[in-house]
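The values are calculated or read from the model by the stated rules, or taken from the named source; none is laboratory data. Note that the coordinates shown come from a computational prediction; the quantities given were computed from them, not determined experimentally. Using ideal geometry, Cβ is built from the backbone for each residue, glycine included, and neighbour counts are taken over all protein chains shown. The accessibility values were calculated without ligands, DNA or RNA, using every heavy atom of the protein model including side chains. Shrake-Rupley method; radii C 1.70, N 1.55, O 1.52, S 1.80 Å.
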Amino acid sequence: MDIYLLGHLTIDIVVEGEKVRRSLGGTVTFGSLAALKHGVRPHIVSKVGKDFPDEYMMFLGKHNIDLSGVGISRYLPTTKFKLVYRSSGDRDLYLLARCEDILSGDVPLGKIKGNIAVIGPLVGEIPPSVVQEVSEVASLVVTDLQGYVRKQLGDKRIVLSSSPEARLVVSLSDIVHAEVAEARAIYGDLEPLELAKKLVEDGAGISLVTLGADGAYVATRQRAFFVPSIPTRVVDRTGAGDVFTTVFAVEYQRSGDIREASAYATAAVSFLIEKPGVDGLKDRWEVRKRAEKLIENIKELA
């Protein structure tokens, strides 16, 4: 099984109190490394600038991630974010630079045919027209909505705001993920279960609405589930949504079982957040132990 992940690789400047560090970011980064742990070969389709650090390319390459779909922009720098974490655990996000859009000519549709495709934009860099083309060839199209509900203010800060593109890509996707605040940016201040149902009503085959430590809601047209989180020590939540989405997709493609896929996704995230960056990712056999304990606590809702 192969998985193609579309979206910008990023340079993240992380500010935690007086500590400042630079790291490799992006849905495609966290998703690719999680997919590897679950026995799937990842391929990244992205755009970066000439400023993209060589050590990041080497890091991804040594993990056997296919980077042949990563293009180098002649004119624009790599997408760069500043993430400022507050003592409360919340963060402010700033967009410092943005690379080119990922267009039809950048996407290897012939290779994606019959495989999983994860649409993981961060700043709207994948037009709905590309999602449409991918949906016609991929066996499973999985979209993370975060990049379609972000708006940049004058001070470069990112806030959540609805867009026509968001609801359009929902209708083109087999699986859609949104954090609860992102879903509310589209549908208003509804309860998480209602948000999950709204995504399905708009055309998603399966919707995933995550609430961090408060668990997740998963819905189809016929069924809905509440998936509790696994209590653990939280060190770094960065990439949690990316890992949840990718692992759910891989395991659902493998088993066709929503409860099992949800349990694996939740268990994978519980390991991720115990360490900084991607250091917490664990192999599938380790994730399975936590998933098996969780699955009986997943509740089907009336």
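Condition (residue is charged (D, E, K, R) and open to solvent by less than 20 Å² (accessible area, probe 1.4 Å)) applied to region 170-182: is it met by at least one residue? Yes, some residue in region 170-182 is charged (D, E, K, R) and open to solvent by less than 20 Å² (accessible area, probe 1.4 Å).
Screening region 171-204 for residues that are under 17 Å from the mean Cα position of the chain (by Cα) and in a loop (DSSP other than H, G, I, E, B) and picking the one that is farthest from Val134 (Cα to Cα) gives Ala204. When region 193-240 is limited to residues that are polar (S, T, N, Q) and closer than 12 Å to Ser270 by Cβ, the one that is surrounded by the most Cβ atoms within 10 Å (Cβ to Cβ) turns out to be Ser229. Summed over region 92-126, residues that are farther than 20 Å from Thr29 by Cα and outside any helix (DSSP H, G or I) total 3. Flag: Ala185 does not match the condition of being touching a helix residue (DSSP H, G or I) at 6+ places or on another chain (Cβ under 9 Å), crowded, with 24+ Cβ neighbours inside 10 Å, without any contact (Cβ under 8 Å) to a residue 40 or more places away in the chain and among the small types (Gly, Ala, Ser). Scanning region 216-229 turns up at least one residue that is closer than 27 Å to Val84 by Cβ and polar (S, T, N, Q). The C-beta contact set for region 276-288 (first residue within 21 Å of Glu16 (Cβ to Cβ), second residue charged (D, E, K, R) and part of a helix (DSSP H, G or I), distance under 7 angstrom, 6+ apart or interchain) comprises Leu281/Lys37. For region 270-295, the set of residues classified as part of a helix (DSSP H, G or I), β-branched (Val, Ile, Thr) and open to solvent by 20 Å² or more (accessible area, probe 1.4 Å) consists of Ile295 only.
Residue-by-condition table, conditions (1) over 26 Å from Met1 (Cα atoms); (2) surrounded by 15 or more Cβ atoms within 10 Å (Cβ to Cβ); (3) in contact with a Ser or Thr (Cβ under 9 Å, 6 or more places away or on another chain):
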{"site": "Ala34", "(1), (2), (3)": "no, yes, yes"}
{"site": "Arg41", "(1), (2), (3)": "no, yes, no"}
{"site": "Met57", "(1), (2), (3)": "no, yes, no"}
{"site": "Ser68", "(1), (2), (3)": "no, no, no"}
{"site": "Thr78", "(1), (2), (3)": "yes, yes, yes"}
{"site": "Val84", "(1), (2), (3)": "yes, yes, no"}
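Residues that are farther than 16 Å from Ile206 by Cα, over 16 Å from the mean Cα position of the chain (by Cα), open to solvent by less than 10 Å² (accessible area, probe 1.4 Å) and not acidic (Asp, Glu) are absent from region 256-265.
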